[in-house]
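> Before I ask anything, let me first share the structure, which is written out below as structure tokens.
The values are calculated or read from the model by the stated rules, or taken from the named source; none is laboratory data. This structure is a prediction, so every number in the text was calculated from the model and none was measured. All Cβ positions, even for glycine, are placed from backbone atoms using ideal geometry, and neighbour counts span all protein chains on display. Just so you know, the surface numbers come from the protein's heavy atoms only, side chains and all, with ligands and any DNA or RNA stripped out. Shrake-Rupley method; radii C 1.70, N 1.55, O 1.52, S 1.80 Å.
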Amino acid sequence: MAEPTARPKRLQRPQIVLEVVNRIQLSPHLVRIVAGGPGISAVEDNGKTDAYTKMLFAKPEAGLTPPYDMERLREELPLDLLPSRRTYTIRRFDLARGEVWIDFVVHGEAGVAGPWADHAKPGDVVVLGGIGGGYAPDPVADWYLFAGDDSAVPAIFSALEALPKDAVGTALIEVDSEADHLPVDAPEGVEVRWLHRDGAEAGTTTLLEDAVREVEWRPGRVDVFAHGERGAMKALRPYFTRERELEREQLSLSAYWAHGREEDKFQAEKREPIGTI
Ligand SMILES: Cc1cc2nc3c(=O)[nH]c(=O)nc-3n(C[C@H](O)[C@H](O)[C@H](O)COP(=O)(O)OP(=O)(O)OC[C@H]3O[C@@H](n4cnc5c(N)ncnc54)[C@H](O)[C@@H]3O)c2cc1C
């Protein structure tokens, strides 16, 4: 009989422990956390405009000190006391100043990360679980199309700022209202168009899909970056792949969150039909 083998250990991303340096209310629904501290020396800019990190949030009552040994904690703690994992874009690496910026959608009291950012104050602990990312604007594209909701503002803005000054295209950004518009240093030839939910719940409208379908399709090779709520992304993928017949390399599209789902459930559902895009 074969020897029983130990349960394979899950790969743990190296954790980077920082602290809140500043909290800036950018708009009614977006809060910037500037994070820094000695741990910043472990942060590396990967050159992707959608660079993201898997943040870990521990409940104060768990009394944990980071970095968290997740493997051990999973064995020792009840599920509800384990740190929660949430994914966020690094809006800017300002390593010369020893800072990273992370912009959080504040979407009420539900969830972990949004409420945390809403109430964060200097000195609060920030735990980053590694840094990933896969997109930067294609330098040989003829034009660019960006589509997303508030959660994709950090990645879309980073991309707009990285474009060559003579780039052309359209950025469609869905927010609640005009109060959520933010300034961005986009090339003159890229129209930034804001779409308003006007009080409708995020993740319940067809605003983004409708606006994408109305974009005038320019000649030449397009580079598309579309990220946001799962329903909107599910509707957009066939438009790009079947109707516009884009090649794989021309399209960066994924769900950043799902209406009515906590991130853990939403991430787990990516392996089921409901979560497949
Ligand atoms: C690669 C990647 C990059 C991302 N970058 C960012 C980023 O830079 N900024 C950002 O804010 N988000 C970003 N997100 C989305 C973020 O991870 C999710 O919104 C996450 O669910 C937020 O966690 P939470 O604890 O606040 O809410 P959860 O506990 O996950 O969810 C609680 C409830 O809030 C709802 N909810 C979650 N997010 C939103 C939202 N944006 N608007 C309205 N309702 C919501 C859920 O549907 C659920 O009903 C990114 C996601 C990915 C995969």
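> Does residue 241 count as at pLDDT 95 or above and under 17 Å from residue 173 (Cβ atoms)?
no
> Are there any pairs with C-beta distances below 7 angstrom linking a residue in region 209-231 that is aromatic (Phe, Trp, Tyr) to a residue that is open to solvent by less than 70 Å² (accessible area, probe 1.4 Å) and within 16 Å of the ligand (Cβ to nearest atom), with the two at least 6 apart or on different chains, and if so which?
Note: pairs meeting the criteria are 225/135; 225/146; 225/156; 225/159; 225/252.
> If you don't mind, another one. Out of 185, 223, 198, report the one residue that is under 23 Å from residue 162 (Cα atoms) and in a loop (DSSP other than H, G, I, E, B).
185
> For region 37-51, check the following and say yes or no: at least one residue is of a type in the set (Asp, Glu), surrounded by 15 or more Cβ atoms within 10 Å (Cβ to Cβ), at pLDDT 95 or above and closer than 23 Å to residue 180 by Cβ.
There is at least one residue in region 37-51 that is of a type in the set (Asp, Glu), surrounded by 15 or more Cβ atoms within 10 Å (Cβ to Cβ), at pLDDT 95 or above and closer than 23 Å to residue 180 by Cβ.
> Can you name the residue in region 240-277 that is of a type in the set (Ser, Thr, Tyr) and free of Cβ contacts under 8 Å to residues at least 12 places away in the same chain and, of all such residues, is farthest from the ligand (Cβ to nearest atom)?
Per the stated criteria, the residue is 241.
> Now for a different question. Residue by residue through region 52-73, note down the ones that are away from the ligand (no atom under 13 Å from the Cβ) and either closer than 15 Å to residue 155 by Cβ or open to solvent by 40 Å² or more (accessible area, probe 1.4 Å) (or both).
60, 61, 63, 64, 65, 67, 69, 72 - these are the residues of region 52-73 that are away from the ligand (no atom under 13 Å from the Cβ) and either closer than 15 Å to residue 155 by Cβ or open to solvent by 40 Å² or more (accessible area, probe 1.4 Å) (or both).
> Taking the condition within 15 Å of the ligand (Cβ to nearest atom) and at pLDDT 95 or above, does residue 202 pass? Walk me through it before giving the result.
Details: within 15 Å of the ligand (Cβ to nearest atom): yes; at pLDDT 95 or above: yes.
Answer is yes for this residue.
> Quick check on my filter: what residues within region 99-151 are near the ligand (Cβ under 7 Å from one of its atoms) and among the hydrophobic types (A, V, I, L, M, F, W, C)?
102, 104, 105, 110, 112, 113
> List every residue pair whose Cβ atoms lie under 6 Å apart, where the two residues are 6 or more positions apart in sequence or sit on different chains, the first residue falls within region 74-93 and is open to solvent by less than 40 Å² (accessible area, probe 1.4 Å), and the second residue, located anywhere, is within 14 Å of the ligand (Cβ to nearest atom) and of a type in the set (Asp, Glu).
86/263; 91/103
> Can you find, within region 200-249, the residue that is nearest to residue 151 (Cα to Cα) among those that are of a type in the set (Ser, Thr, Tyr) and open to solvent by less than 50 Å² (accessible area, probe 1.4 Å)?
The residue in question is 205.
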